[in-house]
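Notes follow the structure.
The values are calculated or read from the model by the stated rules, or taken from the named source; none is laboratory data. Owing to the predicted nature of the structure, the values given are computational and were not obtained by experimental measurement. Ideal geometry is used to build each Cβ from the backbone, glycine not excepted, and the neighbour counts take in all protein chains shown. Quick note on the areas: whole protein, heavy atoms, side chains included, nothing else; ligands and nucleic acids left out. Shrake-Rupley method; radii C 1.70, N 1.55, O 1.52, S 1.80 Å.
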Amino acid sequence: MRNKKYFLIIISAAILIKIALFLFAFLQAPQSKFMPDSSEYLKTAEMITSKGVFATTDATGTLKHELNRTPGYPVFLAILHGFLRVPLNGVILIQVLLTVLTAFITYKTAVLIDPELAFLSAGIVLYSIIVSIYSQMILTETLFLFLMTLFMFNFIRYLKNGQVSALVMSSLMLVLATYVRPGSYFLGFGIILFIILTNTADNVKRSILHSIIFLAVVYALLGIWQIRNYMVFGDPAFSSIFQEDPYKVGLFKSYLRNTDPFTQKMGPVSYYINVTMRCVLSILTKPGTFKNFNCHAFTVFGKVLGYPLMIFWMTGFLWGTIKIKADKYYKFLLLVIVYFVSGSIISEMWLVGERYRVPIVPYIAIISAYGWLQLAPLIKAGTQHAMPLVFGVDQLGKNIKRLLLTICLIFFIFIVGFFVWAQDEYVVPILMYHSVSSANTNPDNILFRHPDVRTQLNVVSPKLFDRQMDFLEDNGYHVIPLEDFIEGNNARKKFPHNTVVITFDDGYMDNYTNAFPILKKYHFPATIFLISDYVGKKPNLLNWEQVKEMGRYGISFGSHTRHHAYLPEMSQEQMKDEIIGSKRIIEKNLGRPVYYFAYPTGGFNEQIKAIIALAGYKAAFTTNRGYDRFDIDPYELNRIHINNWDNEISLKGKLSGYYNLLRKSKPSH
């Protein structure tokens, strides 16, 4: 009774946290529910609702039948959002409730194995950050997780009671899960082998019969979709994902196409060990991040809470894995975990991350709870005995030494996991220059009251600028056009870690006389943000002929308002005049659209961002104002200020891609 009371309290607290997260996303971060794949799922669901076909349409309105995706999640969306008219936020709320049901099913599964595991197993699932994060998105993860948990529950029932009905039910759940995400397609073969090996000692005929039943149900039902694909495309593949060449993307033969700077000098054996371990850590040790919510407080909260939780369940999981002997329940759970982790690495390699852990969270949770059940008496005994026992020869001392080794291993995994996480938080550095001139000869800047301040902060000498560009070329940095960065960033593309973007603010004359020849020398693209009403009208700023000439050599141009105005202090009409007016003037003179904007002095607010978006800009750039360190919001993209103080060491730090994580932020206005 007491345990039930605690369980209800834990469930209630978890539900309140999940609802609070849902309400925040609904009110403050509506964009958080959408990822690049979301629109494709919604389009397919709309076609199922309106035309009853699993397809999308191209630009001409012609039907394009789907081979890449499986129909499970689009059908789920079509039923809820299409036929039942549940709004997308309602779909998200249903997904949140599914995560609570997942925890309850995990609880019931653990009860079948050992009732003492149930409470902790459910708690680990309930408070999993990645489960909560992906339940807030229009993605397959939550539905796939729910169905894989039902598969786990029914297969454990089968292992416990040997009932064919439970076996058939587990096979049906695996089929449904595979229709949602095809990654579980080959799991059935592993389960068949597991059934044979588990039951052979008791009854050979029974094990073979049960294997045939499982095989027939799973692959007969999956075969229906393969027949459909053969009839439509002439291809019997279950999904076009299986047509991808693992030698081009995955782990196989990756040594021959290796571009990873950390392993390029390693031999094949060392390389594959290194890469495999890093990918395993990437899947298992990343706690998840709330950065898609575009809220610095949530991001910090996720890190502060996520790593202790990860260390907790990982400690139990490792100890539980060590203590697994002949127990068929835990071996089954471990089989599924190994299948998903190894399969993800083999097929995706560097693309793996915490997202690939979502469907196996309940499996990990039960083994982790089992590990803690084994650790509890050791910890209790360790606190009641003198330290010499730790180093003694009795069994307790041996067990405690194992515990200490496990804790050391957890600490090691945490440290390595942190660096793996940091690699994933890489943000392409966008360098921000102003004037490229000699501080002693350049005229005073009209935009700054004190020339000495401008000299220190906004000037790079031509000699130093040349050295910095030479540094980029010698060290293999890939300088890309701003437009390429925006398109890739909006698609959440992972750029190589040596990618750089170069920008200039204000449009100084020396951008043409000093910087432009150096950029041409190294064939580097760049973008200059112009103060439209000052072009050709101030002696130390560019004129339109110079702007047009640079435009013919890969230099692009954006807006920096009409008069370098500090926008947060202006009325709405004045803001519109500065933002829209500048765009029109530059477009008129250059004869091409202007899509990018830089905030003067970095000042902006939500009203300004809305005006910029409505004006037709694709992106806007600040410096260190705002708190979006991960460049999620295209109208709050951070840049890194380069000045005459930047030597090779500081420049390398700013080019690392992690500078945003350490920078000191200011309020947006």
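Here the simple spin-label model places points 7 Å from the Cα toward Cβ, and for ASN475 and ALA610 these points are separated by 4.2 nm.
Annotation: peptides 158-170, 641-653, 352-364, ranked by per-residue average of other Cβ atoms within 10 Å with the highest first, follow the order 352-364, 158-170, 641-653. Our estimate of slack between THR57 and LEU23, defined as 0.36 nm per intervening residue step minus the Cα-Cα distance, is 8.9 nm.
Of the cross-linked pairs LYS160/LYS303; LYS286/LYS654; LYS18/LYS323; LYS463/LYS548, those separated by over 32 Å at the C-alpha level are LYS160/LYS303; LYS18/LYS323.
At an R0 of 56 angstrom, the distance between the Cβ atoms of GLU545 and PHE312 translates into a FRET efficiency of 0.30.
Using the Cβ-Cβ distance between SER571 and LYS537 with R0 set to 35 Å, the FRET efficiency from 1/(1 + (r/R0)^6) comes to roughly 0.90. Amide H contacts for LEU530 (H built 1.01 Å from N in the peptide plane; partners 5 or more residues away or on another chain; cut-off under 5 Å): GLY558, SER559, HIS560. In the full protein context, region 130-245 carries 39 Å² of accessible surface per residue, based on a 1.4 Å probe and ignoring ligands, DNA and RNA. Checked against a 22 Å cut-off, the cross-linked pairs LYS538/LYS618; LYS43/LYS583; LYS43/LYS64; LYS291/LYS576; LYS33/LYS64; LYS493/LYS521 give Cα-Cα distances beyond that limit for LYS538/LYS618; LYS43/LYS583; LYS291/LYS576; LYS33/LYS64; LYS493/LYS521. When each of the peptides 143-149, 185-191 is scored by the mean number of other C-beta atoms lying within 10 Å of its residues, the order from highest to lowest reads 143-149, 185-191.
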